[in-house]
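Below: one structure, written as structure tokens.
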Amino acid sequence: SSLGSQEHGDGDGDGDDGDKAAVERLRQYLRFPTVHPDPDYGPAVQFLLAQAASLALDTMVKEFVAKKPVVLLTWRGQDPSLPSILLNSHMDVVPVEVEDWKYDPFGAFMDSNGDIYARGAQDMKSIGIMYLEAIRNLKKTGFRPLRNVHISFVPDEEIGGVDGFGQFSKSEEFRNLNLAVGLDEGSGTETESYRTFAGEKSPWWLSIKAVGTPGHGSKLYDNSAVENLLKSIEAISIFRTSEFDKIKSGKATLADVVSVNPVFLKAGTPTPTGFVMNVQPSEAEAGFDIRLPPFADRKAIERRIADEWAPPLRNMTYKFILKSGGEGNASAIAAESSKLWWKLFETALAKAGVKFSKPEIIYGTTDARYVRDQGVPALGFSPIANTISLLHNHNEYLNMKEFLKGIKVYEEILRIFANYKNFDYHSDAAIYVIDSLYIRNF
Ligand SMILES: CSCC[C@H](NC=O)C(=O)O
Ligand SMILES: [Zn+2]
Ligand SMILES: [Zn+2]
């Protein structure tokens, strides 16, 4: 197999210098504090440009929005007129609660097991470096891609990506890439079998607010703001339970149901030591992170919000902080052409000798939705197996062996994606009907 026959001796998981250097580059990248709410992208971008120089890749950095750079690296193909490939990763990471970490979340400490602790170790700075190291290894073997391979490093994914991939996806630069297919993050797995994703749920971030009569904390009266809000929270909680029950009873997975979770509560008047305790406040607000499956009835959910969760009758209003994914399109898998790329993807993973499961709808949101919105197929994939999923959690880590294995997998993907010749998937010759392509409820 190609895994066993490396002659260059690097990046093949056998612990030699090439592997060590790759691990060090990952650790270096993990140390840049590209963390919300105030990510510093500058040094990370400089690092990536230095990597690009060492790999002789073309570079472009564009700030569609000030201080939010999009980095695009290009490995030029022998026939740049062919539709190209995009490997995307985001540079930003979610905040940390530093006192809950065993090690500095921006120290990239590696313990004796080879576990590397850092915010972004799984989500998804590791994937960005896997892309680059795969290219490094392929170059050493003398491999040259037929089509252009683009590698993008984008800002702000974790806060919606509007100023990052969102802007990029609508730009002339993006159109000029003439993409055939994009790869972006997925989710790791505790088993040895990688997960793959063909589409995703749509995020609706909802804020509901109640107003009511203020009054003495000792009085009993109807329609206080908090009481009005609590009635909504009860209604939302009942809905949440009914959706969750579908999962608990085995009838559905997280991908199939509408998830709704409270993420903030706001009411009362703070004092230096706590809160005012004997005034019923006149305003109360709550925030919810809602995720809709691709073909959930959006109108019905919106009616439920207007009639039951924030009814004017209870002096309530609502607004969307974010509302993504229209009816039907919903970042679901795109078009016929997707099938070809899934076939090639499966071929590559089989060639790499790894286990993987059928494509799913991912429970979270990724920048891949922007790629799909442009009519380009995008696959979600994070080659992280045998690992507890710690996305957005304390003590996020990745074992160096998983990292090195991921590099090998991307080498196979690139070999096949970059040099696949008969691109015309519209022709009858493209008999890549994937019976196993399993997308729920489509
Ligand atoms: C809705 S934009 C935020 C994107 C973020 N992505 C991964 O964690 C998520 O919360 O799913
Ligand atoms: Zn991510
Ligand atoms: Zn994330």
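Quick rundown of the values:
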read-out: Residue in segment 110-129 that is under 26 Å from Ala56 (Cα atoms) and away from ligand 1 (no atom under 16 Å from the Cβ) present; value: yes
read-out: Where a residue in segment 144-158 is within 16 Å of ligand 2 (Cβ to nearest atom) and its partner, wherever it lies, is of a type in the set (A, V, I, L, M) and at pLDDT below 95, with Cβ under 8 Å and at least six apart; value: Asp156/Val162
read-out: Residues satisfying the stated conditions in segment 82-130, i.e. within 12 Å of ligand 2 (Cβ to nearest atom) and either acidic (Asp, Glu) or surrounded by fewer than 24 Cβ atoms within 10 Å (Cβ to Cβ) (or both); value: Asp92, Val94, Asp123
read-out: Residues that are within 16 Å of ligand 3 (Cβ to nearest atom) and over 12 Å from Asn393 (Cβ atoms), drawn from segment 121-133; value: Met124, Lys125, Ser126, Ile127, Gly128
read-out: Lone unmet requirement of (1) surrounded by fewer than 24 Cβ atoms within 10 Å (Cβ to Cβ); (2) assigned to a helix (DSSP H, G or I) for Thr387; value: (2)
read-out: Single residue of Ser187, Ser152, Ser193 found to be within 23 Å of Leu398 (Cα to Cα), in contact with a strand residue (DSSP E or B) (Cβ under 7 Å, 6 or more places away or on another chain) and surrounded by fewer than 17 Cβ atoms within 10 Å (Cβ to Cβ); value: Ser193
read-out: Selection count where residues are more than 16 Å from ligand 2 (Cβ to nearest atom) and farther than 14 Å from Glu285 by Cβ, scope segment 200-223; value: 13
read-out: Scope segment 353-378; condition away from ligand 3 (no atom under 16 Å from the Cβ), buried (at least 24 other Cβ atoms within 10 Å of the Cβ) and of a type in the set (A, V, I, L, M); matching residues; value: Ile361, Val371, Val376, Ala378
read-out: Among residues of segment 377-393, those that are more than 15 Å from the chain's Cα centre (by Cα), closer than 19 Å to Pro359 by Cβ and among the hydrophobic types (A, V, I, L, M, F, W, C), counted; value: 1
read-out: Selection count where residues are touching a residue at least 60 places away in the same chain (Cβ under 8 Å) and within 13 Å of Lys401 (Cα to Cα), scope segment 101-120; value: 5
read-out: Given (1) in a loop (DSSP other than H, G, I, E, B); (2) away from ligand 1 (no atom under 16 Å from the Cβ); (3) at pLDDT 85 or above, index of the condition Thr366 fails; value: (2)
read-out: Residue list for segment 347-396, restricted to those being acidic (Asp, Glu), away from ligand 2 (no atom under 15 Å from the Cβ) and more than 19 Å from Glu192 (Cα to Cα); value: Asp373
read-out: Filter pass, Ala50 being free of Cβ contacts under 8 Å to residues at least 24 places away in the same chain and in a helix (DSSP H, G or I); value: yes
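For every residue, the table says whether it meets (1) within 21 Å of Gln51 (Cβ to Cβ); (2) outside the structural domain of Glu402 (by TED's automatic domain parsing); (3) away from ligand 3 (no atom under 16 Å from the Cβ).
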site: Ser112; (1), (2), (3): no, no, yes
site: Ile135; (1), (2), (3): yes, no, yes
site: Pro145; (1), (2), (3): yes, no, yes
site: Ile151; (1), (2), (3): yes, no, yes
site: Val154; (1), (2), (3): yes, no, no
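The values are calculated or read from the model by the stated rules, or taken from the named source; none is laboratory data. All values derive from a computational prediction rather than experimental measurement. Because the Cβ atoms are built from the backbone with ideal geometry, glycine has one as well, and the counts that use them run over all protein chains shown.
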